[in-house]
Amino acid sequence: MTDHVKRPSDSYSPLYFLASLGAGGLAVTFFMWLMHWIPHPGKTVPVFEDITAAFATGGTLTQGMILVAMAGIAIFSFLNLKLLVWNLRRFSVWAKTESFAAFSKTNAQSQVMAMPLALAMSVNVLFILGMVFVPGLWSIVEYLFPLAMITFLAIGAYGFRLYGGFLGRVLTEGGFNCAANNNFGQILPAFAFAMVGVGLAAPAALSTMPALSGLGLVFSTFFLMVSSLIAVVAMILGIRSMMENGANPETAPTLSIIVPLLAVLGILSLRQNHGLHEHFGGSAVAGETLVLLTKFLSVQVIFLIFAGLVLIRQGYARRFIFGRETSPGSYALVCPGVGFAVLMHFFVNKGLVDAGLIAKFGATYWALTAVALLSQAAMIWLVWQLNRRHFGAAKTPEAVPAE
């Protein structure tokens, strides 16, 4: 035994890809400020020219908001990419060990889907960095969309290879431990495929070429259905096991994975609807968008309450966030807060405001937006807290292995 105490991250788990994912999600929350608070005429999303124009003509508050948003995007994008590279390096080493061989014979094998999930998020982050910081990007964006689609399809294919390895083993050899499936961890592959799908839906919404938009619609719909099917089956299996065995305390954060999954699928649906309206004669009725977003947000709230009750009853925060125990699965807590904040921004702006129910930048608008901002702030603190515990100086025992 060595004389020094190891950092939790020294005992590698593929769930550490969620650390990269969470940082990328926080970059998206700052992009929401620019997307919904500054004008970007003729474009669905703001780009560098829109941001500089708003900064030049805006007041002190607007300028301050833009600076904070750009700083937040830059900081968390850097952290996202840094942690992605760290994970890829550690995973490549870990995959050659006996520990990985043993891991690959358990329910936890599906956790490798955290890799394509993080990869797809980082591609989205790179697009945000380009839109915010690269002048003239919009003039060549039509050339970038095919490259982006190829990249997302490659990530999706890699995800199918990884998930196929898991399903092929359990469906031909058996060995899936239903008693140990007392969580929603098996929904992680659905989250990964949804992230690929939302990336493929971007050309559907943003491209001016019907062919590219149509391809985006077809491919994103495929991954939407794959994600939905996996999520439904995994949720039923997880609930059955939890009803019989109770929720696993270490993996309890997975109970809220439905929240970010719905945020991603909600944005995917919005992008598809926009593409249908622009190129294929589909209707874009504000009331229908409001109802769609309300449905997604309602289910998010239900699962936040459900997961919160279980986590509080089990004393999860006392043990794994503030106490001496650590688990890489704690990073799964970042995704729900980020997903809720992002969807709340869309609900307020694309739902309530566009439907004429509230005035943009009025008192009600800011009261509702404050909910999203509080969730964002809480997740920034949580990322700092978890990174300090898992990647900082070693002060805690070795990480609790995830089930």
message: Filter the stretch 354-367 down to the residues that are assigned to a helix (DSSP H, G or I) and farther than 19 Å from Q300 by Cβ and list them by number.
response: A363, T364, Y365, W366
- request: Would you be able to tell me the number of residues in the stretch 108-130 that are without any contact (Cβ under 8 Å) to a residue 40 or more places away in the chain and surrounded by 19 or more Cβ atoms within 10 Å (Cβ to Cβ)?
  value: 1
query: Has the stretch 60-82 got any residue that is more than 24 Å from I267 (Cβ to Cβ) and charged (D, E, K, R)?
result: yes
query: Of the residues F133, F152, which single one is among the hydrophobic types (A, V, I, L, M, F, W, C) and either surrounded by 17 or more Cβ atoms within 10 Å (Cβ to Cβ) or free of Cβ contacts under 8 Å to residues at least 60 places away in the same chain (or both)?
result: F152
- request: Tell me which residues, restricted to the stretch 297-329, are among the hydroxyl-bearing types (S, T, Y) and modelled with pLDDT of 95 or more.
  value: S298
- prompt: Which is touching a residue at least 60 places away in the same chain (Cβ under 8 Å), over 30 Å from G275 (Cβ atoms) and over 24 Å from the mean Cα position of the chain (by Cα), of K105, K96?
  reply: K105
Pair list, Cβ < 6 Å and 6+ apart or interchain, from the stretch 315-331 residues that are over 15 Å from K6 (Cβ atoms) and surrounded by 17 or more Cβ atoms within 10 Å (Cβ to Cβ) to residues that are at pLDDT 90 or above and among the hydroxyl-bearing types (S, T, Y): F320/S327; F320/S330
message: Regarding the stretch 179-194, can at least one residue be identified that is at negative phi, surrounded by fewer than 21 Cβ atoms within 10 Å (Cβ to Cβ) and at pLDDT below 95?
response: yes
Lone unmet requirement of (1) of a type outside the set (F, W, Y); (2) under 30 Å from P328 (Cβ atoms); (3) out of contact with any helix residue (DSSP H, G or I) (no Cβ under 9 Å at 6 or more places or on another chain) for G72: (3)
Candidate set: the stretch 266-294, residues that are surrounded by fewer than 20 Cβ atoms within 10 Å (Cβ to Cβ) and either at pLDDT 95 or above or of a type in the set (V, I, T) (or both); chosen: the one farthest from T208 (Cα to Cα): T294
- request: Filter the stretch 12-43 for residues that are in contact with a Phe, Trp or Tyr (Cβ under 6 Å, 6 or more places away or on another chain) and at pLDDT below 95 and give the result.
  value: Y12
message: Given the criteria touching a residue at least 60 places away in the same chain (Cβ under 8 Å), touching a helix residue (DSSP H, G or I) at 6+ places or on another chain (Cβ under 6 Å), small (G, A, S) and surrounded by 17 or more Cβ atoms within 10 Å (Cβ to Cβ), does G199 qualify?
response: yes
message: Name the single residue that is farthest from A252 (Cα to Cα) among those in the stretch 281-338 being out of contact with any helix residue (DSSP H, G or I) (no Cβ under 7 Å at 6 or more places or on another chain) and among the charged types (D, E, K, R).
response: E288
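The values are calculated or read from the model by the stated rules, or taken from the named source; none is laboratory data. Computed from a prediction, not measured in an experiment: that's the story for all the values here. Note that each Cβ is placed from the backbone with ideal geometry, even for glycine, and that neighbours are counted across all protein chains shown.
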